[in-house]
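Read the structure below first, then the notes.
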Amino acid sequence: MHVMVLGAGVSGVSTAWYLHAAGHEVSVIDRQPEAGRETSFANGGQVSISHPEPWSSPGAPWLMLRWLGRADSPLLFRPRADAAQWSWALSFLRECLPWRHRRNTAAIAALALHSGQALRRLRAQTGIAYDQLERGILHLFYDAAELAHAPARAAALGGFGVTARVCGVDECLSIEPALAASPQRPLGGLYAPHDESGDAFRFTQSLAALLAARGVDFRYRTTVAHLLPAGNRIAGVEVRHEDRGSETLAADAFVVCLGSYGPRLVAPLGERLPIYPVKGYSVTAPVVDAARTPSVSLTDESRRIVCSRLGDRLRIAGTAELDGFDTTIRAERVKPIFDWAGARFPGALDLTRAKAWAGLRPATPGNLPLIGRARASNLWFNTGHGTLGWTLACGSAASLAELMDGRTPDVGFPFLRPA
Ligand SMILES: Cc1cc2nc3c(=O)[nH]c(=O)nc-3n(C[C@H](O)[C@H](O)[C@H](O)COP(=O)(O)OP(=O)(O)OC[C@H]3O[C@@H](n4cnc5c(N)ncnc54)[C@H](O)[C@@H]3O)c2cc1C
């Protein structure tokens, strides 16, 4: 079967990998000049199996009220005259109900565990390198109330099969000695030793290069303009080339992996994908003192900021902003990330040479990705991974390939329209 994957971010390229491995002829379309140039370009780098809890949680509405009107708040809602934004925000509130939060967390944990295993297998098979580190993720608490929840969180993670243990400040410092340089010490932490980190962009690029060498047809600078329905099927896609007009491309099946842009493309087919762009920022700084720079990936639970060591760089990421498709880098939003890096790791980084970036997380209200078949019989989705697209990439793509071959993945996840 010839499958056309629409989108060459980490989701699309991983999808191409598992479909090719299953014996399909695969082509990949993307509007950018190379793979991974949009949201997968400079994310936080965490393969964070120990953070399945979505932002939509019972405590989220109160936190959002507390942060309201603060330009530097971790979560910012910029209201627009945009029905999609308001409808998404209302659905987000519904996903904060305790039972929905519990259900979403369990489903994400199951897919994340499956993904972690798939990533390790893929790495062993290919020898692919992407500045990965298998040193775990240390969640840090600077707020006593949040630390008080850590034992219950560790127990809940244990229930899903995810190893995580509560640590005192001394153990946090022995896990990551670079934390000792900061005058502000954490009160405690939660350490997930099996988590990993790595550069999602390098991963995406390396995997795309391997696939291209194996005959997968990557078409870049090619924008998907329309899906062309014919009865209950998609007959083809109309694409626009940067330099040579439009054409129609045909395939037996199509997979939508277009990040935040998928909903617009499938809306004319009557498909309403509950995905809205949630903007986030990162800063990537060169390391000048390796001993003062963390190599264990960290999550500052009080500030909602994460960092990952990527070779001789430190990637620091955070913030969430509902601001439509705007990717402007706003100084007041990125400043807290620079300040955090300077205060937590004094002397470790050259922040004058750091690069700031903003990307749009393709987020569903409950952070559950949309994986499975659309209404059209040969159209599939692997999209909407929100805060966890890198963590969930391999497991989502492997599951989709199984679904497309008529098999049921052995994962406790609510796939779309199971057979
Ligand atoms: C600040 C920040 C930090 C993050 N940190 C983490 C983290 O630590 N761990 C984690 O797991 N996740 C993290 N994420 C989330 C993760 O980066 C995303 O979920 C993931 O990159 C989404 O991948 P994707 O392939 O679905 O989307 P994308 O990478 O955006 O890929 C979509 C592709 O579709 C293409 N496209 C779109 N429209 C068209 C069209 N019409 N025609 C042709 N091509 C088109 C785009 O060019 C793009 O290449 C973070 C995100 C942000 C913003």
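The values are calculated or read from the model by the stated rules, or taken from the named source; none is laboratory data. Here the structure is a predicted model, which is why all the values come from computation and not from measurement. Ideal geometry is used to build each Cβ from the backbone, glycine not excepted, and the neighbour counts take in all protein chains shown.
Yes/no matrix, rows are residues, columns are (1) surrounded by 18 or more Cβ atoms within 10 Å (Cβ to Cβ); (2) of a type in the set (D, E, K, R):
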site	(1), (2)
343	no, no
376	yes, no
379	yes, no
383	yes, no
390	yes, no
417	no, yes
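The numbered conditions (1) part of a strand (DSSP E or B); (2) surrounded by fewer than 15 Cβ atoms within 10 Å (Cβ to Cβ) are all true for residue 212 except (1). Within segment 259-270, one or more residues are more than 10 Å from the ligand (Cβ to nearest atom) and closer than 30 Å to residue 316 by Cα. Is it the case that some residue within segment 335-350 is in a loop (DSSP other than H, G, I, E, B), hydrophobic (A, V, I, L, M, F, W, C) and in contact with a strand residue (DSSP E or B) (Cβ under 8 Å, 6 or more places away or on another chain)? Yes, segment 335-350 contains at least one residue that is in a loop (DSSP other than H, G, I, E, B), hydrophobic (A, V, I, L, M, F, W, C) and in contact with a strand residue (DSSP E or B) (Cβ under 8 Å, 6 or more places away or on another chain).
Of the residues making up segment 216-258, those that are among the small types (Gly, Ala, Ser), away from the ligand (no atom under 12 Å from the Cβ) and either under 27 Å from the mean Cα position of the chain (by Cα) or farther than 18 Å from residue 17 by Cβ (or both) are 230, 231, 235, 236, 245, 246, 250, 253. Looking across 51, 24, 20, 2, one residue alone is over 24 Å from residue 379 (Cα atoms) and more than 7 Å from the ligand (Cβ to nearest atom). It is 51.
Of all residues in segment 351-367, those that are outside any loop (DSSP other than H, G, I, E, B) and away from the ligand (no atom under 11 Å from the Cβ) total 4.
For segment 333-342, state whether one or more residues are more than 17 Å from the chain's Cα centre (by Cα) and near the ligand (Cβ under 10 Å from one of its atoms). Yes, segment 333-342 contains a residue that is more than 17 Å from the chain's Cα centre (by Cα) and near the ligand (Cβ under 10 Å from one of its atoms).
Listed here are the residues, each with its yes/no results for (1) assigned to a helix (DSSP H, G or I); (2) surrounded by fewer than 20 Cβ atoms within 10 Å (Cβ to Cβ).
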position	(1), (2)
129	no, yes
138	no, no
146	yes, yes
151	yes, yes
163	no, yes
167	no, no
170	yes, yes
179	yes, no
191	no, no
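Within the bounds of segment 313-322, is there any residue that is among the basic types (Lys, Arg), touching a residue at least 60 places away in the same chain (Cβ under 8 Å), touching a strand residue (DSSP E or B) at 6+ places or on another chain (Cβ under 7 Å) and surrounded by 24 or more Cβ atoms within 10 Å (Cβ to Cβ)? Yes; the residues of segment 313-322 include at least one that is among the basic types (Lys, Arg), touching a residue at least 60 places away in the same chain (Cβ under 8 Å), touching a strand residue (DSSP E or B) at 6+ places or on another chain (Cβ under 7 Å) and surrounded by 24 or more Cβ atoms within 10 Å (Cβ to Cβ).
Strands (runs of 3 or more DSSP E) wholly in segment 1-89 with at least 1 residues that are under 22 Å from the mean Cα position of the chain (by Cα) and modelled with pLDDT under 95 - which ones?
Values: elements: 2-6, 25-29, 75-77.
Here the list reads 75-77.
Residues in segment 310-334 that are assigned to a loop (DSSP other than H, G, I, E, B) and under 24 Å from residue 183 (Cβ atoms): 0 in all. Of the numbered criteria (1) buried (at least 18 other Cβ atoms within 10 Å of the Cβ); (2) more than 10 Å from the ligand (Cβ to nearest atom); (3) in contact (Cβ under 8 Å) with a residue 24 or more places away in the chain; (4) not hydroxyl-bearing (Ser, Thr, Tyr), the one residue 82 fails is (1).
For residue 370, the conditions (1) among the aliphatic types (A, V, I, L, M); (2) farther than 19 Å from residue 261 by Cα; (3) within 11 Å of the ligand (Cβ to nearest atom) all hold with the exception of (2).
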